[in-house]
Amino acid sequence: MNRRLPAEWEPQSAVQFTFPHAETDWADILEEVLPCFIEAIEIISRYEKVLVVCRDQNEVRPLLKNAVQDNLILVDVPSNDTWARDHGGITVFEEGKPLILDFVFTGWGLKFPAFLDNLITGRLQQQGVFKAALQLGGLALEGGGIESDGQGTLLTTSECLLSPNRNPHLDQAATEAKLKELFGLKRVLWLHHGYLAGDDTDSHIDTLARFCSADTIVYVQCLDTQDEHYEALQAMEKELQAFTTLEGKPYQLIPLPMATACFAADGHRLPATYANFLIINQAVLMPTYQVPEDEQALVQIKKAFPQHEVIGINCRALIEQHGSLHCITMQYPEGCI
């Protein structure tokens, strides 16, 4: 099979959201988090189509009155929660045509109920949402766990992809072989260090380091020796410095600041990360947390994407459930929707 896993910055047909409702984990703070979803959907609708999975679109549509209505696709499908990055389909190009792969979503290694979320992609296909064909992926895999440069390199973390609660029958060599087969990869770059306190995903790569081009990676940098993340993120930085492009050159590495610590009401630290941005057609949406580092992060993201408009979205409420902006979205390349 001649397959290729596209990069996120390639032309897109739509971005998927799975909208929060009173039966999701957002129930207690639904009014606080809705503005974040609404703002993100409204902004993206100015650039491309937005697919919104709804419990009841009659409840959701009035909330999106300021979006570009011609670019909204609302579909009624039941859901457990809202993390479209991880239960959404992952698109490859096979012989140049888009093919959506539907992987098993286990609630990040059996941590949370996902029996409805695991069916969303198949139900969207049954309702005729996708123009592209759909195929089962055959692995427990989440979109937030992988990063592609579009040229055959996959960046990921061993803590996530080798989790015994995901694919316990596969060791690292077998996992890598399967990824290469599914995505048409030339190689897999494994990070063995790096984490964020409060993260439920077993160190998804999209919380730590992201491709911005075939030769540029942005990553979370920790310079505070008193911060609990210091040693792990310093070790991750050294791993990134040792990686080379397919041409054998060091990557251009652009550090993102570690956000001032944000805490939940019960005192545990929340995973506030600027790496959890979303690339769309002509723009980059970056999470902000109402902390001093927001401005510096915007500057650094702009360095990585000089041709894009960079837009900050207040995601302080999102991290109360341990995810951020990239986690609630899934992009579909041209030809999918």
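Bear in mind that the values in this text are calculations on the coordinates, not laboratory data. This structure is a prediction, so every number in the text was calculated from the model and none was measured. When we count neighbours, we look across all protein chains shown, and the Cβ atoms used for this are built from the backbone with ideal geometry, even at glycine.
Give the peptides 106-115, 268-277, 26-35 in descending order of average Cβ contacts within 10 Å, highest first.
Details: 106-115: 16.7, 268-277: 23.4, 26-35: 14.5.
Answer by packing, highest mean first, reads 268-277, 106-115, 26-35.
Net charge near A67, counting Lys/Arg +1 and Asp/Glu -1 over other residues with Cβ under 11 Å of its Cβ? Show your work: numbers first, answer last.
Numbers: positive: R46, K49, R61, K65; negative: E39, E42, D70.
So the surrounding residues net to +1.
Give the distance, in whole Å, between the Cα centre of the stretch 30-50 and the Cα centre of the stretch 74-129.
20 Å
For the chain, what is the relative contact order in percent, using Cα pairs closer than 8 Å and at least 6 residues apart in sequence? Spell out each step's value before the answer.
Numbers: 728 pairs, mean separation 71.8, N = 337.
21 percent.
Quickly rank 317-327, 242-252, 4-14 as a protection proxy: mean count of other C-beta atoms within 10 Å, highest first. Working shown, then result.
Numbers: 317-327: 24.7, 242-252: 12.5, 4-14: 19.1.
Highest-to-lowest ranking by the protection proxy: 317-327, 4-14, 242-252.
If you take every DSSP beta bridge fully contained in the chain, what fraction is antiparallel? Give it as a percent rounded to 5. Don't skip to the answer; put the middle values down first.
Working: 23 of 54 bridges.
Bridges in the chain that DSSP calls antiparallel: roughly 45 percent.
Would you please state the base-10 log of I(q)/I(0) at q = 0.16, 0.19, 0.21 1/Å for the stretch 70-168, with intensities from the Debye formula using one equal scatterer on every alpha carbon?
Debye output, listed in q order: -0.74, -1.01, -1.18.
Taking the structure as given and computing Cα extents along the principal axes in Å, which label from (i) 53, 49, 33; (ii) 110, 71, 38; (iii) 51, 48, 40 fits?
Answer by label: (iii).
Span-like helices, the chain: DSSP H, alpha-carbon axial extent 20 Å or more, mean Kyte-Doolittle -0.5 or greater, which ones? Intermediate values should be presented prior to the final figure.
On the way: long enough: 30-45 (22 Å, 1.28).
Span-like helices in the chain: 30-45.
For the stretch 157-172 and the stretch 1-27, what is the centre-to-centre distance using only Cα atoms, to the nearest Å?
If we compute the Cα centre of each part, the gap is 23 Å.
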